[in-house]
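Asks: So that we are looking at the same thing, I have put the structure below in C-alpha cells.
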Amino acid sequence: MTTRLLTVLVVSLLVLAGCLGGGPAVGDGTDADDGGAAPADRDDLSVEATDRLLRDAGSFTARWSYSTTEAGETATITNVYQVDLQANRSLETFTMSGPDARTDFETFVADGSAYTRYETDGEAFYQVRPQDDTSFQSAVDRGTLSYESVDDARFVGTETFDGVTVDRYEYSDLSTWRQFGAGAFGSGGNVTVTDFTVVILVDSDGLARQTAWTLTGETDNGETVSIEWRYEITDVGSTDVPDPDWLAEARSQQSTATT
C-alpha cells in the first residue's frame, strides 16, 4: 500500500502541474504607489514578483508540501527551505513519508560547501561538495504558480498569517477539474471530483504568503480520496540558519575519506 500511495502522489503531482501551469509566481507586475499594498479593489487578485520581494527581505523560510489520501492512508512529500541571503547560508530539509516508509535528507550550504545528510532505515550517510550559492531559487521555484490561472479568485476577507495581516482569496471551479479526476488521483476506476478549492493569502506588500489547493473526490465504490498542495513563506526578514547538529559528523566523515 505504501508503494502505491507514493506512486499515486508522484502521478498526481505531474497531472496537477500540467493542469495549473507553471511559471514564476507573479501578478500583473504593477508597482502601486503605496509600496505594493493590496489595491483598493480587492476583488482583483494582485501578486507581486516573489523573487524581488524575498531578495529585498534578505531571509525567509519556505515550506512546500504535497499529500494524497486514499483508503484512509496518507503519503506526503515535504520540502522546507531556510534561506539567509545576507549570510549566504541555507538549510533544505526533505521528507517523503507513507504509512510504512520514510526517507529524509538535509542539505546545509555555507562557506562555499554543501553538506548533505541522507537517512534511510535509521542509518545516516553524508556527502560534501563545493557549492557557493544558497537554495534561494529552489525555494522560490517550489512555489511557482501561474496566478493567471486563478484570475477569478474572490476576496473573502482578511486574517492573520505568521503575525501579519493578509488578504484571503479563494477560487473553485469543479467543471475544470472533473475531467482530471481519475488521472489526478491515479485510481484505476472513475473518480468524481466533489470539491476543488484554491486559497491564496497575500500580504500588504503583494507577497503571496500561502498558496494552497485541495482536490477531493469519490470513487465508484464510495471511497473518499484527496490531494493537497501547499506553499508557505514565513519568517520573512527574520530567518536565521544555524549549523545543523550533524555538521561536525559530516565534516569528520569528509576528513576520514580524504586521508
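The values are calculated or read from the model by the stated rules, or taken from the named source; none is laboratory data. From a predicted model like this one, the values you see are computed outputs, not experimental measurements. Using ideal geometry, Cβ is built from the backbone for each residue, glycine included, and neighbour counts are taken over all protein chains shown. Just the protein is used for accessible areas: all its heavy atoms, side chains included, with ligands, DNA and RNA removed. Shrake-Rupley method; radii C 1.70, N 1.55, O 1.52, S 1.80 Å.
Asks: With the checklist (1) within 21 Å of the chain's Cα centre (by Cα); (2) among the small types (Gly, Ala, Ser); (3) at pLDDT below 85; (4) in a strand (DSSP E or B) in hand, flag the one item Gly217 doesn't pass.
Replies: Failing condition for Gly217: (1).
So that you can scan it fast, the table gives a plain yes or no per residue for (1) open to solvent by 50 Å² or more (accessible area, probe 1.4 Å); (2) over 20 Å from Val225 (Cβ atoms); (3) modelled with pLDDT under 85:
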{"residue": "Val26", "(1), (2), (3)": "yes, yes, yes"}
{"residue": "Ala37", "(1), (2), (3)": "no, yes, yes"}
{"residue": "Leu54", "(1), (2), (3)": "no, yes, no"}
{"residue": "Thr61", "(1), (2), (3)": "no, yes, no"}
{"residue": "Gln82", "(1), (2), (3)": "yes, yes, no"}
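Asks: Shifting gears a bit: Looking at this structure, is Asp205 in contact with a strand residue (DSSP E or B) (Cβ under 8 Å, 6 or more places away or on another chain), open to solvent by 40 Å² or more (accessible area, probe 1.4 Å) and touching a residue at least 60 places away in the same chain (Cβ under 8 Å)? Full working, then the answer.
Replies: Details: in contact with a strand residue (DSSP E or B) (Cβ under 8 Å, 6 or more places away or on another chain): no; open to solvent by 40 Å² or more (accessible area, probe 1.4 Å): yes; touching a residue at least 60 places away in the same chain (Cβ under 8 Å): yes.
Here the answer is no, as Asp205 does not meet what is asked.
Asks: Turning to a different aspect of this structure: Glu159 - would you say it is open to solvent by 50 Å² or more (accessible area, probe 1.4 Å) and modelled with pLDDT of 70 or more?
Replies: Working: open to solvent by 50 Å² or more (accessible area, probe 1.4 Å): yes; modelled with pLDDT of 70 or more: yes.
So Glu159 passes the test.
Asks: A further question on this structure: Of the numbered conditions (1) in contact with a helix residue (DSSP H, G or I) (Cβ under 6 Å, 6 or more places away or on another chain); (2) at pLDDT 90 or above, Ala101 satisfies every one except a single condition; which is it?
Replies: Every condition holds for Ala101 apart from (2).
Asks: Within segment 221-236, track down each residue that is within 19 Å of the chain's Cα centre (by Cα) and either surrounded by fewer than 22 Cβ atoms within 10 Å (Cβ to Cβ) or not hydroxyl-bearing (Ser, Thr, Tyr) (or both). So that I can check it myself, show each step before the final result.
Replies: Here is the first cut: in segment 221-236, the ones within 19 Å of the chain's Cα centre (by Cα) are 226-236.
Scanning segment 221-236 gives Ser226, Ile227, Glu228, Trp229, Arg230, Glu232, Ile233, Thr234, Asp235, Val236.
Asks: Taking Asn88 as the residue in question, decide whether it is touching a strand residue (DSSP E or B) at 6+ places or on another chain (Cβ under 8 Å) and open to solvent by 40 Å² or more (accessible area, probe 1.4 Å).
Replies: Values: touching a strand residue (DSSP E or B) at 6+ places or on another chain (Cβ under 8 Å): yes; open to solvent by 40 Å² or more (accessible area, probe 1.4 Å): yes.
Judged against the criteria, Asn88 is a match.
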